[in-house]
1. Only one of these is surrounded by 10 or more Cβ atoms within 10 Å (Cβ to Cβ), over 20 Å from Thr53 (Cα atoms), of a type in the set (D, E, K, R) and at pLDDT 90 or above: Glu74, Glu128. Name it.
2. In segment 22-71, what count of residues is obtained for those that are at pLDDT 65 or above, surrounded by 11 or more Cβ atoms within 10 Å (Cβ to Cβ) and β-branched (Val, Ile, Thr)?
3. Taking segment 104-125 on its own, how many of its residues are closer than 12 Å to Leu63 by Cα and open to solvent by 100 Å² or more (accessible area, probe 1.4 Å)?
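The values are calculated or read from the model by the stated rules, or taken from the named source; none is laboratory data. Note that the structure is predicted; figures quoted are calculated from it, not measured. Positions of Cβ are backbone-derived with ideal geometry, glycine not excepted, and every protein chain shown enters the neighbour counts. The protein model used for the area step is the full one, side chains on, heavy atoms only, and it has no ligands, DNA or RNA in it. Shrake-Rupley method; radii C 1.70, N 1.55, O 1.52, S 1.80 Å.
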Amino acid sequence: MSLIPSFFGNNRRINNNIFDPFSLDVWDPFKELQFPSSSSSAIANARVDWKETAESHVFKADLPGMKKEEVKVEIEDDSVLKISGERHVEKEEKQDTWHRVERSSGGFSRKFRLPENVKMDQVKASMENGVLTVTVPKVETNKKKAQVKSIDISG
């Protein structure tokens, strides 16, 4: 029996000796939680960093093991950057014996609403070592230094 009480249900195997070192009743806080199957979303939460520099918006997405042919970068409605793709399941050979399958497969999609100060027609993307980099240049704004003019006060 676990020394930690069950908050996720009481359908655990009960052992009469709590000090039994060979007891199989180990508390697993994730056992009762439902996770999506690995076949439904490959990189459902593809990690993306978005930074803004003086010249552009830069997106970096971690897509380990993916080829650039498996990834799409699109602009929707002239204001939304969409990064999507699909990782396919490896072909199983009848003579193969799988001991563990942890890498996921399937499709993913991430969307980012871009600000109005970008040049949508000059977006560039590159992929190197499983990291996708998308650069969206900003519209150049002529920021003039504020001119100060002194006004004489009469009276």
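1. Details: Glu128 fails: surrounded by 10 or more Cβ atoms within 10 Å (Cβ to Cβ).
Result of the check over Glu74, Glu128: Glu74.
2. Of the residues in that region, 3 qualify.
3. The total comes to 0.
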